[in-house]
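The values are calculated or read from the model by the stated rules, or taken from the named source; none is laboratory data. Bear in mind that the values here come from a model prediction, so they are computed numbers and not experimental data. Cβ coordinates were reconstructed from backbone atoms using ideal geometry, including for glycine residues, and neighbour counts include every protein chain displayed.
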Amino acid sequence: MRRLAAVVVVLLAALSACQPLYLPLVPARVPVQEVAQLGDASSLTVAGGTLRLHLVLEQVPKAGWLAVQWFGPDGREAASDSVWVTPADDGQGRTLSLPARVAVSQGEWRALVSVGSDIVRQFRVTVATP
């Protein structure tokens, strides 16, 4: 019985030598993808019975569509809009308004801003009375 136990111990020791005994401590470097950046002066406001989204384009690394999705108080998408932006637009401001066909109702409205498939920022404003 001791001989069998000794053989098992030797076999386990030999087999464990074939297994890596470490995990890589540092993962492979992941390249950082530059995304568009909006300035702190960007805002969503209620003006003249509609919503206005003022965007300050702080950094536009590559040309693409800047999309805005408007969400009403019920959480559904009320409208969407997009504009073409390029690196030449760095530091420029853009103002987008909720389309006139959409009635502004009381409650919290959101505007989701994305460039390509990257979400850049979400803005919220509460409309007290339409």
**Message:** Please go through (1) under 22 Å from ALA111 (Cα atoms); (2) surrounded by 10 or more Cβ atoms within 10 Å (Cβ to Cβ); (3) at pLDDT 90 or above for PRO87 and return the number of the only condition it doesn't satisfy.
**Reply:** (1)
**Complete:** Selection from the range 39-55 of residues surrounded by fewer than 19 Cβ atoms within 10 Å (Cβ to Cβ) and part of a strand (DSSP E or B) yields SER43, THR45, VAL46, ALA47, THR50, ARG52, HIS54
**Request:** Confirm whether LEU4 is aliphatic (A, V, I, L, M), part of a helix (DSSP H, G or I) and either in contact with an Asp or Glu (Cβ under 8 Å, 6 or more places away or on another chain) or modelled with pLDDT of 80 or more (or both).
**Result:** yes
**Item:** Enumeration of residues in the range 44-55 that are more than 16 Å from ARG121 (Cα to Cα) and either in contact with a Pro (Cβ under 6 Å, 6 or more places away or on another chain) or not aliphatic (A, V, I, L, M) (or both)
**Value:** GLY48, GLY49, THR50
**Prompt:** Across the range 56-94, which residue is nearest to VAL127 (Cα to Cα) among those that are of a type in the set (Asp, Glu) and either touching a Ser or Thr at 6+ places or on another chain (Cβ under 7 Å) or assigned to a loop (DSSP other than H, G, I, E, B) (or both)?
**Reply:** ASP74
**Message:** Looking only at the range 16-38, filter to residues that are polar (S, T, N, Q) and part of a loop (DSSP other than H, G, I, E, B); which one of those is modelled with the highest pLDDT?
**Reply:** GLN33
**Message:** Quick check on this structure: which one of ARG101, ARG110, ARG94 is at pLDDT below 95 and within 19 Å of LEU38 (Cα to Cα)?
**Reply:** ARG94
**Fill in**
For the range 116-130 the number of residues that are over 19 Å from the mean Cα position of the chain (by Cα) and outside any strand (DSSP E or B) is 3
**Prompt:** Restricting the search to the range 95-115, which residues are over 20 Å from the mean Cα position of the chain (by Cα), of a type outside the set (Gly, Ala, Ser) and assigned to a strand (DSSP E or B)?
**Reply:** THR95, GLU108
